[in-house]
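The values are calculated or read from the model by the stated rules, or taken from the named source; none is laboratory data. Predicted model, so just to flag it, every value in this text is computed and none were measured. Positions of Cβ are generated from backbone atoms using ideal geometry, with glycine treated the same way; all protein chains shown enter the neighbour counts. SASA here: full protein model, heavy atoms, side chains in, ligands and nucleic acids out. Shrake-Rupley method; radii C 1.70, N 1.55, O 1.52, S 1.80 Å.
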Amino acid sequence: MPVVSLKEILGRALADRYGVAAFNIVNDLSIESVLAAAVEERAPVILQTSVKTVKQYGRAQLKDIFDTLVRGVDVPVTLHLDHCPDRTVISDCLAGGWNSVLFDAHDLDVAENLKQTVEVVAEARRTGAHVEGEIEGIQGVEDDLGSDDASRIQSLEVAVDFITRTGVDCFAPAIGNAHGQYKQAPTLNAQRVTDLVEATGVPMALHGGTGLSDEQFTDLIARGCAKVNISTALKESYLKSSLEALLAAREKDKWDPPTLFRHQRAAVLEMARQHIRLFGGSGKAW
């Protein structure tokens, strides 16, 4: 089985300055489609599960689906729990075999966030897993978590101290990025990524990727965003392809589920392939 640690998959990406696409999957079809794109592109990939998806399926069943679909895949894959403020869910997923978790405690003050993140890192180490941390909320609501209000940006010194003292393996900085589709082109503080990587040597995670320009992606990856999250683009490609197929079925009055599934798979696979290529991940499998 090609499952590898978050630290290894991001360490290689940071060293060679490419981005590993981290897709928020929603079901078995989206998992298989993303994996197929990664295999075609010979690229490492991160499959992310939201808290909402974990609760929808149940941790054990979702992990069984992942294990079944990743079996025989010959590119590096990491299973990651995205934005999770709930320590109980984090513990459950770590015990269940997730490779990494994002402990999202940005609603806490920095001192308490730091204290609890240290505990999560220690817990993750006991299962061989790794941790992504953050101290600022990424603007926008995703899978029922988050806020449309802009978060307070902490100083570089505070962020560096948090990364160093907690021992997180990846850090998600707020740089003007946002979850969901952007209402207007974002102005990003790309220099903050450079400063954090230079000060800590830790790879950064870029959240709110859907809607950024190719040039913004390329620049941020070159600065050290080794993990690039894609959620909205997957959901849109999945649901828009579904609508297209269902409208065609209604017009023909021919209701064939496998036709719908093929349409969904093709759309998600192509979306994943395009992002993997853009982030420089093609051909980077080992």
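Of all residues in region 206-264, which are of a type in the set (Asp, Glu), modelled with pLDDT under 95 and under 22 Å from Glu132 (Cα atoms)?
none
Check region 76-85 and report whether any residue there is out of contact with any Asp or Glu (no Cβ under 6 Å at 6 or more places or on another chain) and open to solvent by 10 Å² or more (accessible area, probe 1.4 Å).
no
Out of the residues in region 213-236 meeting the condition of being under 20 Å from Thr78 (Cα atoms) and hydroxyl-bearing (Ser, Thr, Tyr), tell me which one is most open to solvent (accessible area, probe 1.4 Å).
The residue in question is Thr232.
Out of (1) open to solvent by 10 Å² or more (accessible area, probe 1.4 Å); (2) under 19 Å from Val89 (Cβ atoms); (3) in contact (Cβ under 8 Å) with a residue 40 or more places away in the chain, the odd one out for Arg12 is which?
(2)
Of all residues being closer than 17 Å to Gly167 by Cα and assigned to a loop (DSSP other than H, G, I, E, B) in region 86-113, which is most open to solvent (accessible area, probe 1.4 Å)? Just the residue, please.
The residue in question is His106.
For Leu47, are the conditions met, namely being under 14 Å from the mean Cα position of the chain (by Cα), open to solvent by less than 10 Å² (accessible area, probe 1.4 Å) and farther than 18 Å from Ala95 by Cα?
Taking the combined requirement at face value, the residue does not satisfy it.
Could you please give the count of residues in region 237-286 that are open to solvent by 40 Å² or more (accessible area, probe 1.4 Å), in contact with a helix residue (DSSP H, G or I) (Cβ under 8 Å, 6 or more places away or on another chain) and without any contact (Cβ under 8 Å) to a residue 12 or more places away in the chain?
2
Tell me, please, whether a residue that is over 25 Å from Arg17 (Cβ atoms) and either assigned to a helix (DSSP H, G or I) or touching a residue at least 60 places away in the same chain (Cβ under 8 Å) (or both) can be found in region 36-46.
Looking through region 36-46, at least one residue is over 25 Å from Arg17 (Cβ atoms) and either assigned to a helix (DSSP H, G or I) or touching a residue at least 60 places away in the same chain (Cβ under 8 Å) (or both).
For a quick check of your reading of the model, give me the residue pairs whose first member lies in region 75-101 and is free of Cβ contacts under 8 Å to residues at least 40 places away in the same chain, whose second is in a loop (DSSP other than H, G, I, E, B) and crowded, with 22+ Cβ neighbours inside 10 Å, with beta-carbon atoms closer than 6 Å and at least 6 apart or on different chains.
Close Cβ pairs satisfying both conditions: Leu81/Trp98; Leu94/Ala129.
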